[in-house]
Amino acid sequence: MSARFQVPRGTFDVLPAESAARARVFVAAANAFTRAGYARIETPVFEDTELFARGVGESTDIVQKEMFTFADQGGRELTLRPEATASICRAYVEHGMHKLPQPVKLWAWGPFFRHERPQAGRFRQFHQFDLEAIGTDSPLADAEAIILLDEILRELRVPDLRLRLGSLGSFDARAAYREELRAHLRANEDKLAGDVRERIDANPLRAFDSDHEGTREVMAAAPTMLDRLEGDDAEHFDAVKRLLDGAGVAYELDGTLVRGLDYYTRTVFEFESDALGAQSALGGGGRYDGLVEELGGPPTPAVGWAAGIERILLALGEAPPPEPIDVFIVAPDGQRERALELATTARRAGVCVDLDLADRSHKGQMKQADRSGAQRAVILGEDGSATLRHMETGEQRELDLADIEGEIERERAEDSS
Ligand code: AMP
(Lines give C-alpha, C1' and ligand atoms only; values in the text may rest on other atoms or scores of the structure.)
Protein backbone atom coordinates (compact mmCIF):
# COMPACT_ATOMS: atom_id res chain seq x y z
CA MET A 1 0.00 0.00 0.00
CA SER A 2 1.45 3.37 -0.92
CA ALA A 3 1.54 6.14 1.66
CA ARG A 4 -1.38 8.47 1.11
CA PHE A 5 0.22 11.59 2.49
CA GLN A 6 3.77 12.83 2.58
CA VAL A 7 5.39 15.82 4.27
CA PRO A 8 5.09 18.99 2.14
CA ARG A 9 8.03 19.66 -0.19
CA GLY A 10 11.04 21.08 1.65
CA THR A 11 9.86 19.94 5.10
CA PHE A 12 10.73 16.87 7.18
CA ASP A 13 9.75 14.90 10.24
CA VAL A 14 12.18 14.72 13.13
CA LEU A 15 12.06 11.02 13.99
CA PRO A 16 12.92 9.70 17.47
CA ALA A 17 16.35 8.47 16.28
CA GLU A 18 17.29 12.06 15.37
CA SER A 19 15.85 13.86 18.35
CA ALA A 20 18.72 13.16 20.78
CA ALA A 21 21.20 14.96 18.51
CA ARG A 22 18.87 17.97 18.23
CA ALA A 23 18.37 18.05 21.98
CA ARG A 24 22.17 18.11 22.40
CA VAL A 25 22.37 21.22 20.19
CA PHE A 26 19.58 22.85 22.19
CA VAL A 27 21.28 22.16 25.52
CA ALA A 28 24.68 23.44 24.32
CA ALA A 29 23.10 26.64 23.00
CA ALA A 30 20.78 27.22 25.97
CA ASN A 31 23.63 26.72 28.45
CA ALA A 32 25.95 29.09 26.59
CA PHE A 33 23.24 31.79 26.42
CA THR A 34 22.38 31.41 30.09
CA ARG A 35 26.05 31.54 31.17
CA ALA A 36 26.35 34.87 29.34
CA GLY A 37 23.17 36.47 30.73
CA TYR A 38 20.89 36.14 27.68
CA ALA A 39 17.18 35.47 28.40
CA ARG A 40 14.87 33.46 26.15
CA ILE A 41 12.12 35.10 24.11
CA GLU A 42 9.45 33.38 22.01
CA THR A 43 7.48 35.21 19.33
CA PRO A 44 4.66 33.96 17.04
CA VAL A 45 5.54 31.95 13.92
CA PHE A 46 3.52 34.41 11.83
CA GLU A 47 3.51 38.19 11.81
CA ASP A 48 2.13 41.04 9.69
CA THR A 49 3.70 40.76 6.24
CA GLU A 50 4.64 44.43 6.43
CA LEU A 51 6.97 43.74 9.39
CA PHE A 52 9.20 41.56 7.22
CA ALA A 53 8.88 43.76 4.13
CA ARG A 54 10.21 46.64 6.24
CA GLY A 55 12.50 44.72 8.55
CA VAL A 56 14.17 42.34 6.12
CA GLY A 57 14.08 44.71 3.14
CA GLU A 58 11.92 44.99 0.01
CA SER A 59 14.82 44.31 -2.34
CA THR A 60 15.97 41.06 -0.68
CA ASP A 61 15.42 37.57 -2.12
CA ILE A 62 13.52 36.67 1.04
CA VAL A 63 10.89 39.37 0.61
CA GLN A 64 10.75 39.25 -3.19
CA LYS A 65 10.31 35.52 -3.63
CA GLU A 66 10.69 33.37 -0.52
CA MET A 67 7.92 34.32 1.90
CA PHE A 68 4.96 32.11 2.77
CA THR A 69 2.32 34.81 2.75
CA PHE A 70 -1.42 34.35 3.27
CA ALA A 71 -4.55 36.28 4.14
CA ASP A 72 -6.46 35.14 7.24
CA GLN A 73 -10.27 35.04 7.50
CA GLY A 74 -10.25 38.69 8.53
CA GLY A 75 -8.34 39.65 5.40
CA ARG A 76 -5.09 40.41 7.27
CA GLU A 77 -1.87 39.92 5.30
CA LEU A 78 0.28 37.54 7.30
CA THR A 79 3.61 35.80 6.67
CA LEU A 80 5.27 32.77 8.24
CA ARG A 81 8.43 34.21 9.76
CA PRO A 82 11.49 33.84 7.47
CA GLU A 83 13.91 34.99 10.19
CA ALA A 84 13.88 36.07 13.84
CA THR A 85 15.37 39.53 14.16
CA ALA A 86 12.45 41.59 12.82
CA SER A 87 10.01 39.80 15.17
CA ILE A 88 12.27 40.25 18.19
CA CYS A 89 12.73 43.96 17.43
CA ARG A 90 8.95 44.26 17.04
CA ALA A 91 8.57 42.71 20.51
CA TYR A 92 11.28 45.02 21.91
CA VAL A 93 9.34 48.07 20.70
CA GLU A 94 5.88 46.72 21.52
CA HIS A 95 6.80 45.92 25.13
CA GLY A 96 8.76 49.12 25.75
CA MET A 97 11.98 47.22 26.41
CA HIS A 98 13.99 50.37 25.67
CA LYS A 99 13.03 51.41 29.22
CA LEU A 100 14.90 48.42 30.67
CA PRO A 101 18.63 48.56 31.43
CA GLN A 102 20.39 48.32 28.05
CA PRO A 103 21.36 46.24 26.25
CA VAL A 104 18.46 43.80 26.40
CA LYS A 105 20.09 40.41 25.75
CA LEU A 106 17.77 37.83 24.20
CA TRP A 107 17.88 34.41 22.59
CA ALA A 108 15.33 32.35 20.67
CA TRP A 109 14.88 28.86 19.19
CA GLY A 110 12.30 27.65 16.69
CA PRO A 111 11.09 26.99 13.14
CA PHE A 112 11.44 29.43 10.22
CA PHE A 113 9.99 29.34 6.72
CA ARG A 114 11.43 30.27 3.33
CA HIS A 115 10.11 29.22 -0.06
CA GLU A 116 13.51 28.17 -1.44
CA ARG A 117 14.44 25.37 -3.83
CA PRO A 118 14.98 22.40 -1.51
CA GLN A 119 18.40 20.69 -1.58
CA ALA A 120 20.85 19.18 0.91
CA GLY A 121 20.92 21.57 3.87
CA ARG A 122 18.21 23.83 2.46
CA PHE A 123 14.60 23.41 3.50
CA ARG A 124 11.34 25.35 3.42
CA GLN A 125 10.80 24.81 7.12
CA PHE A 126 14.09 24.84 9.00
CA HIS A 127 15.14 25.70 12.54
CA GLN A 128 17.41 28.31 14.00
CA PHE A 129 18.69 29.47 17.32
CA ASP A 130 19.25 33.12 17.53
CA LEU A 131 20.89 35.78 19.70
CA GLU A 132 20.17 39.53 19.86
CA ALA A 133 21.82 42.20 22.05
CA ILE A 134 19.61 45.28 21.62
CA GLY A 135 20.49 48.75 22.87
CA THR A 136 24.26 49.10 22.62
CA ASP A 137 26.73 50.13 19.92
CA SER A 138 29.74 48.87 21.87
CA PRO A 139 32.10 46.59 19.95
CA LEU A 140 32.09 44.50 23.15
CA ALA A 141 28.58 43.34 22.21
CA ASP A 142 29.65 42.37 18.66
CA ALA A 143 32.59 40.42 20.05
CA GLU A 144 30.55 38.75 22.79
CA ALA A 145 27.94 37.65 20.22
CA ILE A 146 30.57 36.15 17.90
CA ILE A 147 32.49 34.50 20.75
CA LEU A 148 29.29 32.83 21.98
CA LEU A 149 28.46 31.29 18.59
CA ASP A 150 32.06 30.14 18.28
CA GLU A 151 31.82 28.58 21.73
CA ILE A 152 28.59 26.71 20.95
CA LEU A 153 29.92 25.34 17.65
CA ARG A 154 33.17 24.26 19.33
CA GLU A 155 31.43 22.63 22.25
CA LEU A 156 29.36 20.64 19.74
CA ARG A 157 32.63 19.79 17.94
CA VAL A 158 31.47 21.01 14.53
CA PRO A 159 34.38 20.09 12.24
CA ASP A 160 36.31 22.38 9.86
CA LEU A 161 34.97 25.67 11.21
CA ARG A 162 35.76 28.95 9.50
CA LEU A 163 34.71 32.45 10.49
CA ARG A 164 34.43 35.16 7.82
CA LEU A 165 34.36 38.69 9.17
CA GLY A 166 33.66 42.02 7.52
CA SER A 167 32.21 45.46 8.09
CA LEU A 168 29.66 47.32 6.00
CA GLY A 169 30.24 50.62 7.78
CA SER A 170 27.46 52.88 9.01
CA PHE A 171 24.56 53.87 6.75
CA ASP A 172 26.02 57.21 5.68
CA ALA A 173 29.44 55.82 4.88
CA ARG A 174 27.83 53.00 2.97
CA ALA A 175 25.75 55.39 0.87
CA ALA A 176 28.92 56.92 -0.59
CA TYR A 177 30.46 53.48 -1.15
CA ARG A 178 27.26 52.23 -2.81
CA GLU A 179 27.52 55.02 -5.37
CA GLU A 180 31.09 53.98 -6.13
CA LEU A 181 29.99 50.36 -6.49
CA ARG A 182 27.07 51.33 -8.77
CA ALA A 183 29.51 53.16 -11.03
CA HIS A 184 31.73 50.05 -11.18
CA LEU A 185 28.72 47.86 -12.02
CA ARG A 186 27.44 50.23 -14.69
CA ALA A 187 30.87 50.37 -16.30
CA ASN A 188 30.73 46.57 -16.60
CA GLU A 189 27.02 46.16 -17.21
CA ASP A 190 27.36 43.90 -20.26
CA LYS A 191 29.17 41.21 -18.22
CA LEU A 192 26.59 41.05 -15.39
CA ALA A 193 23.76 38.56 -14.81
CA GLY A 194 20.27 39.92 -15.58
CA ASP A 195 19.05 39.95 -11.97
CA VAL A 196 22.21 41.75 -10.83
CA ARG A 197 21.80 44.38 -13.56
CA GLU A 198 18.20 44.95 -12.49
CA ARG A 199 19.27 45.56 -8.90
CA ILE A 200 22.12 48.00 -9.56
CA ASP A 201 19.97 50.81 -8.20
CA ALA A 202 18.05 49.01 -5.47
CA ASN A 203 20.74 46.78 -3.97
CA PRO A 204 24.16 46.84 -5.68
CA LEU A 205 25.83 45.01 -2.76
CA ARG A 206 23.96 41.83 -3.54
CA ALA A 207 26.11 41.45 -6.67
CA PHE A 208 28.78 40.02 -4.30
CA ASP A 209 26.49 37.01 -3.64
CA SER A 210 26.01 36.09 -7.32
CA ASP A 211 27.15 32.70 -8.67
CA HIS A 212 27.11 34.02 -12.26
CA GLU A 213 30.59 33.75 -13.76
CA GLY A 214 30.70 37.12 -15.49
CA THR A 215 29.36 38.83 -12.38
CA ARG A 216 31.99 37.13 -10.24
CA GLU A 217 34.75 38.42 -12.49
CA VAL A 218 33.39 41.95 -12.26
CA MET A 219 33.08 41.67 -8.47
CA ALA A 220 36.63 40.35 -8.06
CA ALA A 221 37.79 43.74 -9.32
CA ALA A 222 35.18 45.74 -7.37
CA PRO A 223 36.11 48.00 -4.45
CA THR A 224 34.85 46.63 -1.11
CA MET A 225 33.42 48.53 1.85
CA LEU A 226 36.25 47.11 3.94
CA ASP A 227 38.71 49.12 1.80
CA ARG A 228 36.69 52.28 2.47
CA LEU A 229 36.18 52.05 6.25
CA GLU A 230 37.26 55.18 8.07
CA GLY A 231 36.75 57.20 11.26
CA ASP A 232 34.40 55.70 13.87
CA ASP A 233 33.53 52.77 11.60
CA ALA A 234 37.18 51.79 11.26
CA GLU A 235 37.77 52.19 15.00
CA HIS A 236 34.72 50.09 15.81
CA PHE A 237 35.89 47.33 13.48
CA ASP A 238 39.43 47.43 14.87
CA ALA A 239 38.02 46.99 18.38
CA VAL A 240 35.94 43.98 17.32
CA LYS A 241 39.00 42.36 15.74
CA ARG A 242 41.15 43.07 18.81
CA LEU A 243 38.54 41.53 21.12
CA LEU A 244 38.28 38.40 18.97
CA ASP A 245 42.07 38.13 18.89
CA GLY A 246 42.10 38.41 22.68
CA ALA A 247 39.51 35.62 22.96
CA GLY A 248 41.51 33.38 20.61
CA VAL A 249 38.74 33.33 17.98
CA ALA A 250 40.36 33.10 14.54
CA TYR A 251 38.72 34.84 11.55
CA GLU A 252 39.33 35.62 7.88
CA LEU A 253 38.69 39.20 6.80
CA ASP A 254 36.29 39.21 3.87
CA GLY A 255 35.15 42.39 2.14
CA THR A 256 32.77 40.46 -0.11
CA LEU A 257 30.60 39.34 2.81
CA VAL A 258 27.39 41.38 2.54
CA ARG A 259 24.74 38.92 3.83
CA GLY A 260 21.28 38.58 2.36
CA LEU A 261 19.33 40.97 4.56
CA ASP A 262 19.16 44.74 4.12
CA TYR A 263 19.38 45.85 7.70
CA TYR A 264 23.05 45.24 8.49
CA THR A 265 25.45 48.03 9.46
CA ARG A 266 29.10 47.77 10.50
CA THR A 267 30.05 44.24 11.67
CA VAL A 268 28.91 41.26 9.57
CA PHE A 269 30.11 37.68 9.99
CA GLU A 270 29.40 34.14 8.99
CA PHE A 271 30.55 30.77 10.33
CA GLU A 272 31.03 28.06 7.72
CA SER A 273 32.07 24.43 7.78
CA ASP A 274 33.97 22.76 4.97
CA ALA A 275 32.24 19.54 6.06
CA LEU A 276 29.13 20.91 4.30
CA GLY A 277 28.77 21.08 0.53
CA ALA A 278 27.35 24.04 -1.35
CA GLN A 279 25.25 25.19 1.61
CA SER A 280 28.28 25.76 3.85
CA ALA A 281 26.88 28.53 6.08
CA LEU A 282 26.20 27.39 9.64
CA GLY A 283 25.15 30.73 11.00
CA GLY A 284 25.85 34.40 10.83
CA GLY A 285 24.67 37.87 11.55
CA GLY A 286 25.91 41.29 12.37
CA ARG A 287 25.04 44.73 13.62
CA TYR A 288 21.76 46.41 12.69
CA ASP A 289 21.83 49.90 14.15
CA GLY A 290 18.85 51.24 12.19
CA LEU A 291 16.31 48.43 12.41
CA VAL A 292 14.54 49.18 15.70
CA GLU A 293 13.94 52.77 14.60
CA GLU A 294 12.77 51.55 11.17
CA LEU A 295 10.15 49.47 13.00
CA GLY A 296 8.83 52.44 14.97
CA GLY A 297 11.06 52.39 18.05
CA PRO A 298 13.60 54.92 19.30
CA PRO A 299 17.06 54.99 17.67
CA THR A 300 18.57 51.78 19.07
CA PRO A 301 21.82 50.14 17.98
CA ALA A 302 21.87 46.33 18.15
CA VAL A 303 23.75 43.22 17.09
CA GLY A 304 22.67 39.60 16.59
CA TRP A 305 22.97 36.34 14.70
CA ALA A 306 21.11 33.17 13.74
CA ALA A 307 22.45 29.64 13.31
CA GLY A 308 20.82 26.79 11.37
CA ILE A 309 20.19 23.67 13.43
CA GLU A 310 19.90 21.29 10.44
CA ARG A 311 23.16 22.62 8.99
CA ILE A 312 24.94 22.02 12.30
CA LEU A 313 23.57 18.47 12.49
CA LEU A 314 24.63 17.84 8.88
CA ALA A 315 28.16 19.05 9.63
CA LEU A 316 28.30 16.80 12.69
CA GLY A 317 27.44 13.73 10.59
CA GLU A 318 26.10 10.50 12.12
CA ALA A 319 23.69 11.11 14.98
CA PRO A 320 24.83 9.64 18.31
CA PRO A 321 22.70 6.70 19.52
CA PRO A 322 19.97 7.70 21.97
CA GLU A 323 20.73 7.43 25.70
CA PRO A 324 19.96 3.86 26.81
CA ILE A 325 17.54 3.35 29.68
CA ASP A 326 18.71 1.95 33.03
CA VAL A 327 16.26 -0.89 33.53
CA PHE A 328 13.70 -2.90 31.57
CA ILE A 329 11.03 -4.66 33.64
CA VAL A 330 9.93 -8.09 32.42
CA ALA A 331 6.67 -9.35 33.94
CA PRO A 332 4.38 -12.38 33.54
CA ASP A 333 0.64 -11.80 32.93
CA GLY A 334 -0.30 -11.76 36.59
CA GLN A 335 2.36 -9.20 37.50
CA ARG A 336 1.87 -6.57 34.79
CA GLU A 337 0.05 -4.03 36.91
CA ARG A 338 2.72 -4.40 39.57
CA ALA A 339 5.36 -3.83 36.88
CA LEU A 340 3.84 -0.47 36.00
CA GLU A 341 3.67 0.45 39.72
CA LEU A 342 7.34 -0.40 40.10
CA ALA A 343 8.28 1.53 36.98
CA THR A 344 6.39 4.57 38.26
CA THR A 345 8.09 4.45 41.69
CA ALA A 346 11.53 4.09 40.13
CA ARG A 347 10.90 6.85 37.54
CA ARG A 348 9.80 9.22 40.30
CA ALA A 349 13.17 8.52 41.93
CA GLY A 350 14.94 9.48 38.69
CA VAL A 351 15.69 6.01 37.28
CA CYS A 352 15.04 5.54 33.50
CA VAL A 353 12.71 2.56 33.22
CA ASP A 354 10.81 0.93 30.37
CA LEU A 355 8.44 -2.04 30.24
CA ASP A 356 6.28 -3.97 27.80
CA LEU A 357 2.89 -2.40 27.06
CA ALA A 358 1.70 -4.90 24.46
CA ASP A 359 1.22 -8.25 26.27
CA ARG A 360 4.34 -9.90 24.86
CA SER A 361 5.47 -13.38 25.92
CA HIS A 362 8.40 -13.74 28.33
CA LYS A 363 10.69 -14.38 25.37
CA GLY A 364 9.31 -11.35 23.50
CA GLN A 365 9.90 -9.16 26.55
CA MET A 366 13.49 -10.38 26.94
CA LYS A 367 14.12 -9.52 23.31
CA GLN A 368 12.62 -6.09 23.88
CA ALA A 369 14.83 -5.61 26.96
CA ASP A 370 17.83 -6.42 24.81
CA ARG A 371 16.83 -4.00 22.07
CA SER A 372 16.16 -1.19 24.55
CA GLY A 373 19.88 -1.04 25.34
CA ALA A 374 19.10 -1.32 29.07
CA GLN A 375 22.04 -2.46 31.17
CA ARG A 376 19.76 -4.47 33.41
CA ALA A 377 16.42 -6.22 33.45
CA VAL A 378 14.20 -6.73 36.47
CA ILE A 379 12.38 -10.03 35.95
CA LEU A 380 9.26 -10.50 38.06
CA GLY A 381 8.15 -14.03 38.95
CA GLU A 382 4.52 -15.30 39.18
CA ASP A 383 5.09 -15.68 42.94
CA GLY A 384 6.01 -12.02 43.40
CA SER A 385 9.77 -12.58 43.55
CA ALA A 386 12.15 -10.44 41.52
CA THR A 387 15.47 -11.15 39.82
CA LEU A 388 17.96 -8.59 38.62
CA ARG A 389 19.75 -9.63 35.43
CA HIS A 390 22.82 -7.96 34.02
CA MET A 391 22.07 -7.96 30.30
CA GLU A 392 25.65 -8.18 29.07
CA THR A 393 27.11 -10.80 31.42
CA GLY A 394 23.88 -12.68 32.10
CA GLU A 395 24.65 -12.59 35.86
CA GLN A 396 21.53 -12.72 38.02
CA ARG A 397 20.65 -12.19 41.66
CA GLU A 398 17.56 -11.87 43.86
CA LEU A 399 16.30 -8.34 44.25
CA ASP A 400 14.66 -6.49 47.16
CA LEU A 401 11.72 -4.83 45.43
CA ALA A 402 10.76 -2.79 48.48
CA ASP A 403 13.93 -0.83 47.82
CA ILE A 404 14.13 -0.82 44.03
CA GLU A 405 15.60 2.71 43.81
CA GLY A 406 18.25 1.84 46.41
CA GLU A 407 19.09 -1.38 44.57
CA ILE A 408 19.52 0.45 41.24
CA GLU A 409 21.61 3.15 42.90
CA ARG A 410 23.98 0.55 44.39
CA GLU A 411 24.26 -1.16 41.01
CA ARG A 412 25.13 2.11 39.33
CA ALA A 413 27.75 2.89 41.97
CA GLU A 414 29.31 -0.54 41.30
CA ASP A 415 29.43 0.24 37.56
CA SER A 416 31.35 3.44 38.10
CA SER A 417 33.75 2.10 40.79
P1 AMP B 1 20.31 33.74 7.47
O2 AMP B 1 19.22 34.34 8.32
O3 AMP B 1 19.92 33.59 6.03
O4 AMP B 1 21.65 34.30 7.69
O5 AMP B 1 20.39 32.25 7.99
C6 AMP B 1 21.09 31.90 9.16
C7 AMP B 1 21.38 30.42 9.12
O8 AMP B 1 20.15 29.69 9.04
C9 AMP B 1 22.16 29.98 7.88
O10 AMP B 1 23.53 30.12 8.09
C11 AMP B 1 21.77 28.54 7.76
O12 AMP B 1 22.52 27.74 8.66
C13 AMP B 1 20.33 28.53 8.23
N14 AMP B 1 19.39 28.58 7.09
C15 AMP B 1 18.98 29.66 6.40
N16 AMP B 1 18.10 29.32 5.43
C17 AMP B 1 17.95 27.98 5.52
C18 AMP B 1 17.18 27.01 4.80
N19 AMP B 1 16.36 27.35 3.80
N20 AMP B 1 17.29 25.71 5.17
C21 AMP B 1 18.10 25.34 6.20
N22 AMP B 1 18.84 26.21 6.90
C23 AMP B 1 18.78 27.51 6.58
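The values are calculated or read from the model by the stated rules, or taken from the named source; none is laboratory data. Computed from a predicted structure; not experimentally measured. Glycine gets a Cβ as well: all are built from the backbone with ideal geometry, and neighbour counts include every protein chain shown. Each accessible area value is taken on the protein alone, full model and side chains, heavy atoms only, with ligands, DNA and RNA left out. Shrake-Rupley method; radii C 1.70, N 1.55, O 1.52, S 1.80 Å.
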Inset, instruction - Please go through segment 268-302 and pick out each residue that is part of a loop (DSSP other than H, G, I, E, B) and within 14 Å of the ligand (Cβ to nearest atom). - result: Ala275, Leu276, Gly277, Ala278, Gln279, Ser280, Tyr288
Legend entry - Restricting segment 117-126 to residues that are more than 8 Å from the ligand (Cβ to nearest atom) and part of a strand (DSSP E or B), the residue that is nearest to the chain's Cα centre (by Cα): Gln125
Legend entry - Options Arg24, Arg76, Arg81, Arg90: the member that is of a type outside the set (Ser, Thr, Tyr), more than 27 Å from Gly317 (Cβ to Cβ) and in contact (Cβ under 8 Å) with a residue 60 or more places away in the chain: Arg90
Inset, instruction - For Glu132, state whether it is within 13 Å of the ligand (Cβ to nearest atom), of a type outside the set (A, V, I, L, M) and part of a loop (DSSP other than H, G, I, E, B). - result: no
Inset, instruction - Please state which of the following conditions Gly246 fails to meet, knowing it meets all the rest: (1) open to solvent by 40 Å² or more (accessible area, probe 1.4 Å); (2) farther than 20 Å from Arg287 by Cα; (3) not in a helix (DSSP H, G or I). - result: (3)
Legend entry - Qualifying helices (runs of 4 or more DSSP H) (wholly inside segment 332-416; at least 2 residues being β-branched (Val, Ile, Thr) and out of contact with any Gly (no Cβ under 9 Å at 6 or more places or on another chain)): 336-348, 404-416
Legend entry - Output for segment 303-325, where each listed residue is closer than 25 Å to Ala20 by Cβ and away from the ligand (no atom under 12 Å from the Cβ): Leu316, Gly317, Glu318, Ala319, Pro320, Pro321, Pro322, Glu323, Pro324, Ile325
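Yes/no per residue for (1) open to solvent by less than 70 Å² (accessible area, probe 1.4 Å); (2) assigned to a helix (DSSP H, G or I); (3) within 16 Å of the ligand (Cβ to nearest atom):
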residue	(1), (2), (3)
Pro223	yes, no, no
Asp227	no, yes, no
Glu235	no, yes, no
Ala239	yes, yes, no
Arg242	no, yes, no
Ala250	no, no, no
Gly255	yes, no, no
Legend entry - Close pairs from segment 32-44: first over 14 Å from Cys89 (Cα atoms), partner of a type in the set (Asp, Glu) and open to solvent by 20 Å² or more (accessible area, probe 1.4 Å), Cβ under 6 Å, at least 6 apart: Ala32/Glu151
Inset, instruction - Mind telling me which of the residues Arg164, Arg154, Arg122 ends up being in contact with a strand residue (DSSP E or B) (Cβ under 8 Å, 6 or more places away or on another chain), of a type in the set (Lys, Arg) and open to solvent by less than 60 Å² (accessible area, probe 1.4 Å)? - result: Arg164
